[in-house]
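Participant: Input: one structure, supplied below.
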Amino acid sequence: MAWRHYFEERTEGAVEYYPDDERVEVTLTVPVTETFDKSVSTTSDGPSAIENEEAFETNETGVSAPAPDFRIESEIDDCATGNCSDLSSEAADDTLEAGRYYENGDVTLDDTTYDTSGGDIDIVVNGSLEFSHGGGGPGIENHHITGDGNVTFYVNGDVEIDGNTGVNSDGDANDLIVMVHSDASEVAAASGTPQFTGLIYAPGTDFVINGGGACGRTGGGPGCDGNIVGSIVAESADGGGNGKVVYDDSIDITLEFASASSITYLHVSENRVNVTES
């Protein structure tokens, strides 16, 4: 056990001790803390990093934003062992309560209430995620968060917000986080009037908004506060289709997670112990 305690004190990451094999396995990770202060930030740089720049209230390019892949994969592995409720079954009642939910494949969520009065909600999707709605025009909040907790999505695939779909559009940007794996091709706000309030963290994935029109809490017009309100981190961003992405200066989200990373510096020390018979 002494070796295990030694590594736990000296390294970040997971430590597993196998006494029968006289072996200690250490997973080296990099602690990540991310904060957000722009409507869109891209990890790529250059003239093609942000297309149709006028769609984004504030922006920056070439940022360093570690991928959430390790965290998403860990969530999937844990849920796959049966530690999470089945998402499709539970969402069939149109309400999700505090807890963890898992979908092993693509999923479409229609009008849903996320009740966090009993605690946070974590939704893990090993596939693509589509936010949709059961009817109605723009300005309706189809995905509604209640309570004082947060809703976090961990998605191992593309994310799409359908046209005329309101996702937390009447809520607080701090209440909703969508993390997207770098293997995903795209995060898209579709044509029509998509509305989303929260954080989209997809530093290895392209973001596209090709829908505009009435949007946000004010219902459009000159006072429109944005089809997307909050903050986006993506590999690149395209704001075509008259869409509008606005930073919410009340956003106070800090992401802290371990990210698998290549080793850039490794310190190795050798401690020799000589044991002699007294």
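Participant: Can you find a residue that is acidic (Asp, Glu) and modelled with pLDDT of 90 or more anywhere in the range 255-270?
Facilitator: No.
Participant: Let me ask something additional. Take the residues in the range 188-213 that are among the hydroxyl-bearing types (Ser, Thr, Tyr) and assigned to a loop (DSSP other than H, G, I, E, B), then tell me which one is surrounded by the fewest Cβ atoms within 10 Å (Cβ to Cβ).
Facilitator: SER191
Participant: Condition first: modelled with pLDDT under 90, more than 20 Å from the chain's Cα centre (by Cα) and at negative phi. Now tell me which residues in the range 22-47 satisfy that.
Facilitator: ARG23, VAL24, GLU25, VAL26, THR27, LEU28, PRO47 - these are the residues of the range 22-47 that are modelled with pLDDT under 90, more than 20 Å from the chain's Cα centre (by Cα) and at negative phi.
Participant: While we're looking at this one, here's another question. Can you work out which of the residues in the range 1-21 that are surrounded by 14 or more Cβ atoms within 10 Å (Cβ to Cβ) and either part of a strand (DSSP E or B) or of a type in the set (Val, Ile, Thr) (or both) is modelled with the lowest pLDDT?
Facilitator: Across the range 1-21, the extreme among qualifying residues is GLY13.
Participant: Also, quick follow-up: Being hydrophobic (A, V, I, L, M, F, W, C) and not in a strand (DSSP E or B) is the filter; apply it to the range 76-97 and report the residue that is nearest to the chain's Cα centre (by Cα).
Facilitator: ILE76
Participant: Please pick out the residue among ALA189, ALA214 that is more than 25 Å from ALA67 (Cα to Cα), among the aliphatic types (A, V, I, L, M) and modelled with pLDDT under 95.
Facilitator: Answer to the selection: ALA214.
Participant: Hey, another quick one. Quick one: would you say ILE232 is under 25 Å from ARG71 (Cβ atoms), modelled with pLDDT of 80 or more and β-branched (Val, Ile, Thr)?
Facilitator: Judged against the criteria, ILE232 is a match.
Participant: Within the range 172-185, which residues are more than 19 Å from LYS244 (Cβ to Cβ) and either aromatic (Phe, Trp, Tyr) or part of a strand (DSSP E or B) (or both)?
Facilitator: Residues satisfying the conditions are ILE177, MET179, VAL180.
Participant: Restricting the range 98-110 to residues that are surrounded by fewer than 19 Cβ atoms within 10 Å (Cβ to Cβ) and more than 16 Å from the chain's Cα centre (by Cα), which is farthest from ASP86 (Cα to Cα)?
Facilitator: Going through the qualifying residues, I end up with ASP110.
Participant: Here's a check for you: in the range 75-97, which residue that is charged (D, E, K, R) and under 26 Å from ILE140 (Cβ atoms) is surrounded by the fewest Cβ atoms within 10 Å (Cβ to Cβ)?
Facilitator: Out of the qualifying residues, it is ASP93.
Participant: Residues in the range 184-204 that are within 13 Å of GLU160 (Cβ to Cβ), touching a residue at least 40 places away in the same chain (Cβ under 8 Å) and hydroxyl-bearing (Ser, Thr, Tyr): how many?
Facilitator: Count: 1.
The values are calculated or read from the model by the stated rules, or taken from the named source; none is laboratory data. Only a predicted model underlies this, so the values are computations on that prediction, with no experimental measurement involved. Methodologically, a virtual Cβ is constructed for each residue, glycine included, from the backbone with ideal geometry; neighbour enumeration extends over all protein chains shown.
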